[in-house]
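The values are calculated or read from the model by the stated rules, or taken from the named source; none is laboratory data. Remember, predicted model here, so these are calculated numbers, not experimental data. Methodologically, a virtual Cβ is constructed for each residue, glycine included, from the backbone with ideal geometry; neighbour enumeration extends over all protein chains shown. Protein only, heavy atoms only, side chains kept; ligands, DNA and RNA dropped before computing areas. Shrake-Rupley method; radii C 1.70, N 1.55, O 1.52, S 1.80 Å.
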Amino acid sequence: MDFWFSYITLAEIYVLLGLSTNLLVGIVGIFSVSQAAVFGVGAYIVAHFLMLPEPMSFPPALGIAAICCILLNVLVTLPSLRVSGDYFVVTSFGIQLLATAVFTNWTAGTGGANGLPGIPPPDLFSHPLESTGQLTLLCTAGAVLGCLAFYLIMRAPFGRLLRAIREDESAVAAAGKNVLRAKVSAAALAGAFAGVAGGLYATFLSFIDPSSF
């Protein structure tokens with residue numbers, strides 16, 4: 001049974017990561033290939049806080065990871081949005097390569113190529129979730145909440161604005177909408193999804209290394 005639970009849990013984590021990529025690529029039309037780097041940042045941040053001499057609880061560590069990934073995605077997106085089309089793809093690919101280099105060579109922070117083993121399991125209200133079934137329930141709750149949030153965003157005026165930008169950005173700008181702000185907001189949401197997915201991934205596998213990202 002643990003075998004099937006493991007596959008279900010990984011699938012649910014990748015659902016959250018898929019929502020992150022879909023928000024940028026599928027909804028807004030920003031062809032970014034650097035979401036794996038954001039996913040990795042979320043994983044390493046959660047692992048760092050859980051492996052401190054006095055470990056932080058999992059929920060606040062996950063919250064910090066999500067906030068850091070939001071800021072990272074915004075900082076990455078702002079300069080990248082000044083280019084478009086194939087140039088944006090090349091820019092985001094460069095960011096992915098840079099992140100991979102940092103993950104591999106920053107031994108003190110990421111463990112380098114050897115990775116970080118022994119990441120503790122997540123905890124809720126001071127109760128560690130050590131069994132595969134408990135972790136599956138946690139990731140199920142995360143995937144359901146993520147899908148619900150995505151659904152509500154897409155039904156809101158903001159979601160319709162994002163789809164309009166994908167169809168005709170010039171027309172949206174001519175209608176008086178702030179296209180840049182909408183794109184940056186979408187990048188921030190995508191960063192939150194990727195950061196949460198990374199934190200769940202790190203605690204589920206209890207080991208991460210650069211090849212995962």
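Condition check: open to solvent by 40 Å² or more (accessible area, probe 1.4 Å), closer than 20 Å to Leu17 by Cα and not in a loop (DSSP other than H, G, I, E, B). Does Ile70 satisfy that? When the stated conditions are applied, Ile70 passes them.
Counting only residues that are surrounded by fewer than 20 Cβ atoms within 10 Å (Cβ to Cβ) and in contact with a helix residue (DSSP H, G or I) (Cβ under 8 Å, 6 or more places away or on another chain), how many does the stretch 28-59 have? Residues in the stretch 28-59 being surrounded by fewer than 20 Cβ atoms within 10 Å (Cβ to Cβ) and in contact with a helix residue (DSSP H, G or I) (Cβ under 8 Å, 6 or more places away or on another chain): 8 in total. Would you point out the residue of the stretch 1-20, among those that are under 19 Å from the mean Cα position of the chain (by Cα) and farther than 11 Å from Cys139 by Cβ, that is surrounded by the most Cβ atoms within 10 Å (Cβ to Cβ)? Result: Ser20. Can you name the residue in the stretch 174-210 that is open to solvent by 70 Å² or more (accessible area, probe 1.4 Å) and without any contact (Cβ under 8 Å) to a residue 24 or more places away in the chain and, of all such residues, is nearest to Gly40 (Cα to Cα)? Filtering first and then ranking leaves Arg181.
Looking at the stretch 82-173, what helices (runs of 4 or more DSSP H) fall wholly within it and have at least 2 residues that are open to solvent by less than 60 Å² (accessible area, probe 1.4 Å) and of a type in the set (Gly, Ala, Ser)? Answer list for the stretch 82-173: 86-105, 132-155, 157-167. Scanning the stretch 111-126 for residues that are under 14 Å from Phe49 (Cβ atoms) and in contact with a Leu (Cβ under 9 Å, 6 or more places away or on another chain) yields Ile119, Pro120, Pro121, Pro122, Asp123. The residues in the stretch 22-47 that are in a helix (DSSP H, G or I) and over 17 Å from Val184 (Cβ atoms) can be counted, and the count is 13.
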